[in-house]
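A.B. asks: Here it is, the structure in full.
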Amino acid sequence: MTTYDAIIVGGGHNGLVTACYLAKAGLRVVVVEKNDWIGGAAVSRSLHPGFTFSNCSYVSSLLRPEIMRDLDLPRHGLQILPYEGGAVMTRSGGYLATYRDHDANRREFARYSKRDAESYDRYARDVLRTCRFIRPLLMRTPPDPTSMRPRDLQELVYLGRHTGARSQTELLEMMRFFTMSVSDFLDEYFENPVIKAYLAVSGIIGTALGPMSPGSAYVLLHHYMGDVDGNVGAWGFARGGMGAITQAMGKALAAEGGEIRTGKGIERILVRNGRAIGVVLEGGDEIRGRRVISSMDVKRTFLKCVEEKELPAAFVKSVRNFKIRGSSGKVNIALDGVPNFPALPEGSPCTRGDLHFTDSIERMERAYDDWKAGRWSRDPFQDVMIPTLIDPTMTPPGKHFMSCFVQYCPPKLDTGEWTDADRDAFGAACINQINDYAPGFKDLVLYAEVRTPRELEREVGLTEGNIFQGELTFDQLLFNRPVPGAAQYRSPIKDLYMCGSSTHPGGGVMGAPGRNAAAEVLRDVMRPSTMRSAYDVL
């Protein structure tokens, strides 16, 4: 039986990143994926003849440039196409346009509030300053603040110097920021409800928090920390769908001699004498390895795939208490043509970006109230995009793909588990809302795939459908992610590592957890790293 140097559980983007770096360092690596395709949540699927869907994650920004450069992903076919902006359509029939260009945004804000246009410069400055503080920490292993090991002490000194470089005022404002709601944060800058609704979006995407929930301000920042071609905060589409990212990673892994096995998930991780020695696949086959690295979330890894007797009781309790609450759904639609939004000027470039129909934070909060009551939102927030207006490779000529990311959608309903009828009713609520702002939209729908947390868990492996593999609240960040004492990508079981988004720095198609985990594995096996130093784009 072949013994691998490393078995990677899960072929999502973080697992592939870890595998690529280990293979580049000369380790014999195999990736085990339960689906017949790789990619996890970053996939391109053909679900209707001639159409390619990004049917889970749908836009790119957070993918670290260091990873793109180290793995040479553009050479393997990856191209990110930035989009120009978007629009918030209002119930009154108006719209707020949004643009990549700061000054264009400022002029558009002035149509609604001259005061808010003036405040926008201050807002952008303050958010960028906080980004500058956080971004260097993304690609570093968090220190254990209880440890006296030289490496942890050295990292604590780095954190102290990094923090000490800020003024007292900046530090006090930052401390407030991490515990604030995105609603309260925006109230300190803006007065107009439509402008605040537009900016609050990044504070609720993918999280089981409402815009008025403490901690949602950090979620906004998490979404601001990416870039496209060095343009900080910009977003774009992966040409050919989000699967282009993971397909490029798969090619990079193959180029380094790594293996990928699809079509069988794992039943359990083999542990002998406190050490991980391999995995048992569905059906009973075994794969042996000197170490196992799981890209599954922390609950799926340790509560479903490891026997409880192998783990300390305190660790199991902490894992059970780790918050992974699903809050999102996805509707993917094949269209016979381009929808007409009467609120937008004819030929507006806004249609080539993100389109929103929720024009106040209060409406967002009421959508969250439905989630808390165990109902999908009757007036949902939707992040609607038509990527084929920029990337025509995904559909036949004249046809289009629409991606709708939906808040809020609970993992379990007040009536019990999700049924197919519930799923269809949720999808109908989303399509009906779009039709309200684009009359005749329903007549363009050729096919719609509706995904609730039930489908996201069953098909992608995301516990409760949580896209971040754990909430991004302050109690679950840095050396608390996923749990105190196990925040350095290692587990209590020797040679069992974690590389998924349940670890620092969290979720999104970023790749940082996978890269950081690979760095720790290479340090333990005393292999030289092929990673080039992280750099600050800011």
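A.B. asks: Distance from the Cα centre of the range 408-442 to that of the range 106-174, in angstrom?
C.D. replies: What the calculation gives is 38 Å, centre to centre.
A.B. asks: List every residue whose amide H lies under 5 Å from the amide H of VAL31, counting only residues 5 or more places away in sequence or on a different chain, with H placed 1.01 Å from N in the peptide plane.
C.D. replies: Amide H neighbours of VAL31, under 5 Å, 5+ apart: ILE8, GLU259, ILE260, ARG261.
A.B. asks: Taking N as the number of residues in the range 1-123, what is its alpha-carbon radius of gyration divided by 2.2 N^0.38 Å?
C.D. replies: 1.57
A.B. asks: Next question. May I ask you to list the aspartates and glutamates whose Cα is less than 14 Å away from that of LYS323, ignoring any residue fewer than eight positions away on the same chain?
C.D. replies: Cross-link targets: ASP297, GLU464, GLU471, ASP475.
A.B. asks: Using C-alpha positions alone, give me the convex hull volume of the range 372-478 per residue in cubic angstrom.
C.D. replies: Enclosed volume per residue, from the Cα hull, is 154 Å³.
A.B. asks: Using the Karplus curve 6.51 cos²θ - 1.76 cosθ + 1.60 with θ = phi - 60°, what ³J(HN,Hα) values do you get for each residue of the range 269-280, in whole Hz, with x for Gly and Pro?
C.D. replies: Values, residue by residue: 8, 7, 10, 9, 6, x, 10, 6, 10, x, 9, 9 Hz.
A.B. asks: If you don't mind, another one. Just the accessible area per residue of the range 242-314, please: how many Å² with a 1.4 Å probe?
C.D. replies: The answer is 45 Å² per residue.
A.B. asks: Per residue, how many Å² of accessible area does the range 15-110 show with a 1.4 Å probe?
C.D. replies: 34 Å²
A.B. asks: Using only Cα positions of the range 67-199, each an equal point scatterer, no hydration layer, compute I(q)/I(0) via Debye at q = 0.10, 0.13 Å⁻¹ and quote the log10 values to two decimals.
C.D. replies: After summing over all Cα pairs, the log10 values are -0.54, -0.81.
A.B. asks: Also, quick follow-up: Assuming 0.36 nm per residue, please report the length gained on full extension of the stretch ALA425 to GLU362 beyond their Cα-Cα distance.
C.D. replies: Taking ALA425 through GLU362 to full extension adds about 20.3 nm, to one decimal.
A.B. asks: Between ALA313 and GLU346, what FRET efficiency comes out of the Förster formula 1/(1 + (r/R0)^6) with R0 = 41 Å and r the beta carbon distance, rounded to 0.05?
C.D. replies: 0.05
A.B. asks: Then there's this: Post the alpha-carbon centroid distance, the range 221-288 to the range 487-538, in whole angstrom.
C.D. replies: 13 Å
A.B. asks: Please give the peptides 441-452, 308-319 ranked by average Cβ packing (other Cβ atoms within 10 Å per residue), highest first, as a rough proxy for protection.
C.D. replies: Ranking, from highest mean packing down: 441-452, 308-319.
A.B. asks: Roughly what % of Cα-Cα distances in the range 1-73 sit above 18 Å, to the whole percent?
C.D. replies: Percentage above 18 Å: 51.
A.B. asks: Let me ask you something else. Just how large is the dipole of the chain about the Cα centre, in debye to the nearest 20, putting +1 at every Lys and Arg Cβ and -1 at every Asp and Glu Cβ?
C.D. replies: 1560 debye
A.B. asks: Let me ask something else about it. Need one value: the accessible area of ASP383 in square angstrom, 1.4 angstrom probe, rounded to the nearest 10.
C.D. replies: 10 Å²
A.B. asks: Right, another one. With θ set to phi - 60° and the Karplus curve 6.51 cos²θ - 1.76 cosθ + 1.60, what are the ³J(HN,Hα) couplings of the range 168-173 in order, to the nearest whole Hz, using x for Gly and Pro?
C.D. replies: 4, 4, 4, 5, 5, 5
A.B. asks: Also, I was wondering about something else. Stretch ASN432-GLU188 to full length: gain in nm at 0.36 nm per residue minus the Cα-Cα span?
C.D. replies: 84.4 nm
A.B. asks: I would also like to ask the following. Using a 1.4 angstrom probe with every protein chain in place, what is the largest-first accessible-area order of MET175, MET1, MET510?
C.D. replies: MET1, MET175, MET510
A.B. asks: Compute the separation of the alpha-carbon centres of the range 339-374 and the range 1-70 and state it in Å as a whole number.
C.D. replies: 32 Å
A.B. asks: Could you list which residues have their amide H under 5 Å from that of ARG290, counting only those 5 or more apart in sequence or on another chain, with H placed in the peptide plane?
C.D. replies: When sequence neighbours closer than 5 places are left aside, the close amide H contacts are TYR4, ASP5, ALA6.
A.B. asks: Another question, if that's okay. Of the accessible area of the chain, with the probe set at 1.4 angstrom, what percent is carbon plus sulfur?
C.D. replies: 49 percent
A.B. asks: Residue by residue, what Karplus-based ³J(HN,Hα) values in Hz, rounded to whole numbers, does the range 522-529 have, using 6.51, -1.76 and 1.60 with θ = phi - 60° and x for Gly and Pro?
C.D. replies: Each residue's phi maps through the Karplus curve to give 5, 5, 5, 8, 6, 9, x, 7 Hz.
A.B. asks: Calculate the spin-label point distance for LEU47 paired with ARG523, positioning each point 7 Å from the Cα along the beta-carbon direction, and give it in nanometres.
C.D. replies: Computed distance between label sites ARG523 and LEU47 equals 4.0 nm.
A.B. asks: Expressed in nm to one decimal, what extension gain is obtained for the pair TYR158 and ARG91 from 0.36 nm per residue of sequence separation less their Cα-Cα distance?
C.D. replies: 19.1 nm
A.B. asks: Sort 267-279, 45-57 by packing, meaning the average of other beta carbons within 10 Å per residue, with the highest value first.
C.D. replies: 45-57, 267-279
A.B. asks: How much of the pair distance distribution for the range 274-397 lies past 20 Å, counting alpha-carbon pairs only, in percent?
C.D. replies: 67 percent
A.B. asks: Computed FRET efficiency, Cβ-Cβ of ARG151 and ARG122, R0 45 Å: what is it to the nearest 0.05?
C.D. replies: Efficiency at R0 = 45 Å is approximately 0.70.
A.B. asks: Dipole of the range 415-471, Cα-centred, from +1 at each Lys and Arg C-beta and -1 at each Asp and Glu C-beta, to the nearest 20 debye?
C.D. replies: 140 debye
A.B. asks: Using only C-alpha positions, report the orientation-averaged shadow area of the convex hull of the range 164-292, nm², one decimal.
C.D. replies: Taking a quarter of the hull surface, the average projection is 14.3 nm².
A.B. asks: Okay, next question. Among ILE8, ILE260, what's the order by accessible area (1.4 angstrom probe), most exposed first?
C.D. replies: ILE260, ILE8
A.B. asks: Same structure again: Taking a cut-off of 44 Å, what percent of all Cα-Cα pairs in the chain are separated by more than that?
C.D. replies: 12 percent
The values are calculated or read from the model by the stated rules, or taken from the named source; none is laboratory data. Values in this document were obtained by computation on a predicted structure and should not be read as measured data. Heads up, the Cβs are rebuilt from the backbone with ideal geometry, glycines too, and the neighbour counts pull from every protein chain shown. Heavy atoms of the whole protein, side chains included, go into the accessibility calculation; ligands, DNA and RNA do not. Shrake-Rupley method; radii C 1.70, N 1.55, O 1.52, S 1.80 Å.
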